[in-house]
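Enquirer: Once you've had a glance at the structure underneath, I'll fire off some questions.
Derivation of every value follows stated rules applied to the coordinates shown; laboratory data play no part. Computed from a prediction, not measured in an experiment: that's the story for all the values here. Every residue, glycine among them, receives a Cβ derived from its backbone with ideal geometry; neighbour counts consider all protein chains shown.
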Amino acid sequence: MRKLASIQKILDIQPIIGADAIEVATINGWQAVIKKNEFAVGDLVVYIEVDAWVPYDLAPFLSKSKEPREFNGVKGERLRTIRLRGQISQGLILPLSVLGERHEIFSIGENCVDVDVSEKLGVVKYDPPVSARLSGIARGNFPSSVPRTDEERIQNLTKNWDWISQFKYEITEKLEGASMTVAMIDGEFNVCSRNLNLRETEGNTLWELARKYDIENKMLDADYDNIAIQGECVGPGVEGNHYGLKEADFYVYSIYDIEAGKYVDPVMRHAHCKNLGLKHVPVIAHQANLFDTLGISTIEQVLKFADGNSAVNPAKLREGIVLKRIDGQEHFKAVSNEYLLGQK
């Protein structure tokens, strides 16, 4: 579960060229602009990640003296990636005092680092409105036997970098769209959005794609039981149709073996996609060692590598990359800062 607001330690503070009132602090692999002399290296603070919805009462200055926006009945603002005086700033750093009267218990030391305080502060993930063609009618909750599709961001993995960097990875393009899962569970076919198992209804884009590619019959013919195929739905009506497509489409990025309780490796995933006649997300590198193959030795270089144009539409920026260990069991993402800065 993503920790949108957590206790973290400031690892570094650096000046910003040409800026007298602000400086940049480092939290894990993130950099966020702060007021000069507001914090010091080593301070424990509350760090709130980008894409979080921050209640107005917690940080009224985010509304810049304007009427705050509203999301799910809560007034506040969405945290975005911004650039201040040439410096990229991602997230919000607040003093521990925002936790209220008992904030002193979080000042004890290292044991408090990474403590999730999202619920206490009312911080939730901002999700843009979903069109009726995607939301559909719920048949039930997302299947409990299948992992939800959400990778950890590379900036949160600084403590694991030495371990991460020793493996080989398949690197794929991260597409901007809506999560879609099709699963055959005990002989029953399911089509799911990120959070729900959907009924088949007229006009639902996810079910239309499942029928377009005849996935149910192909899975039955191939005896693919207790298998979940996960991917991205892109096109008209999906996240502003970033790629300018004329019709919706489905790109597979993972396949989960429910009985084995694990993802299949990239070689098997590609074989299954070929067997089922399904498109795979664009592959940037096969079995790549980050340093020997790509010359990447730091998280900052991973983020730079994430920048670039999309293979789906080369006229558009790609959202980022996903790195999947070649055994299929570990995966994480790096979202392009160029893409984030271009968001409206």
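Enquirer: So, in Å, what gap is there between the alpha-carbon centers of the range 325-344 and the range 244-286?
Expert: Rounded to whole Å, the Cα centres lie 17 Å apart.
Enquirer: Once you place label points 7 Å from the Cα toward the Cβ at N241 and E200, how far apart are they in nm?
Expert: 2.7
Enquirer: Principal axes first, then extents: for the Cα atoms of the chain, list largest minus smallest coordinate on each axis, whole Å, largest first.
Expert: Sorted from largest, the Cα extents of the chain read 65, 49, 41 Å.
Enquirer: Would you kindly derive the ³J(HN,Hα) couplings of the range 119-135 from the backbone phi angles with the Karplus curve 6.51 cos²θ - 1.76 cosθ + 1.60 (θ = phi - 60°), listing them in order in whole Hz, with x for Gly and Pro?
Expert: Values per residue, Gly and Pro as x: 5, 4, 8, x, 8, 10, 7, 7, 10, x, x, 9, 5, 4, 5, 9, 5 Hz.
Enquirer: Along Cα→Cβ, 7 Å out, is where each label goes; now give me the distance between the ones at Q287 and D223 in nm to one decimal.
Expert: Result for the modelled spin labels: 2.9 nm.
Enquirer: When only DSSP loop residues count, what GluC sites (Glu not before Pro) in the range 1-95 have their Cβ near at most 15 other Cβ atoms within 10 Å?
Expert: Passing sites in the range 1-95 are E38.
Enquirer: Next up: Over the chain, what is the relative contact order in percent, taking alpha-carbon pairs closer than 8 angstrom and at least six residues apart?
Expert: So the answer I get is 16 percent.
Enquirer: How large is ³J(HN,Hα) for each residue in the range 256-265, as worked out from phi by the Karplus curve 6.51 cos²θ - 1.76 cosθ + 1.60 (θ = phi - 60°), to whole Hz, x for Gly and Pro?
Expert: My calculation for the range 256-265 gives 10, 8, 5, 5, 7, x, 7, 6, 6, 6 Hz in order.
Enquirer: Where in the range 269-283 does the label zone of D214 land, with the point 7 angstrom along Cα→C-beta and an amide N cut-off under 20 Å?
Expert: Taking a point 7 Å out along Cα→Cβ of D214, the residues of the range 269-283 whose backbone N falls under 20 Å are 271-280.
Enquirer: May I ask you to compute the full-extension gain from I137 to L11, defined as 0.36 nm times their residue separation minus their alpha-carbon distance, rounded to one decimal in nm?
Expert: Roughly 40.7 nm would be gained on extension.
Enquirer: So who's got an amide H within less than 5 Å of the one on V124, skipping anything under 5 residues away but keeping other chains? H placed 1.01 Å off N, in plane.
Expert: W53
Enquirer: Indicate, rounded to the nearest 5 percent, the antiparallel portion of the DSSP beta bridges found entirely in the range 132-341.
Expert: Once the DSSP bridges in the range 132-341 are tallied, antiparallel ones form about 90 percent.
Enquirer: Related question: Which pairs break 24 Å Cα to Cα here: K125/K316; K212/K246; K9/K125; K66/K333?
Expert: K125/K316; K66/K333
Enquirer: How far is the Cα center of the range 130-203 from the Cα center of the range 47-97, in Å?
Expert: 27
Enquirer: Continuing with this model, one more query. Provide the FRET efficiency to the nearest 0.05 for the E70-S165 pair, computing r from the beta carbons and using R0 = 35 Å.
Expert: Given R0 = 35 Å and the Cβ-Cβ separation, E is 0.25.
Enquirer: Calculated from DSSP H runs of 4 or more alone, at -39500 (n - 2.57) each and per residue, what is the 222 nm mean residue ellipticity of the chain, nearest 500?
Expert: Result for the chain, helices only: -3500 deg cm²/dmol.
Enquirer: Contour minus end-to-end for S97 and A40, with contour as 0.36 nm per residue of separation and end-to-end as the Cα-Cα distance?
Expert: Length gained between S97 and A40: 19.0 nm.
Enquirer: Stretched out fully, how many nm does the piece from A19 to S297 gain, at 0.36 nm a residue minus the Cα gap?
Expert: 97.1 nm
Enquirer: Also, quick follow-up: Tell me, what is the percent relative contact order of the range 7-164, built from C-alpha pairs under 8 Å that lie six or more residues apart?
Expert: 25
Enquirer: Let me ask another. Pull out a ≥ b ≥ c, the square roots of the eigenvalues of the alpha-carbon gyration tensor of the range 5-125, then state rounded if a/c is under 1.5, prolate if not and a/b is larger than b/c, and oblate in the remaining case.
Expert: Note, shape of the range 5-125 comes out oblate.
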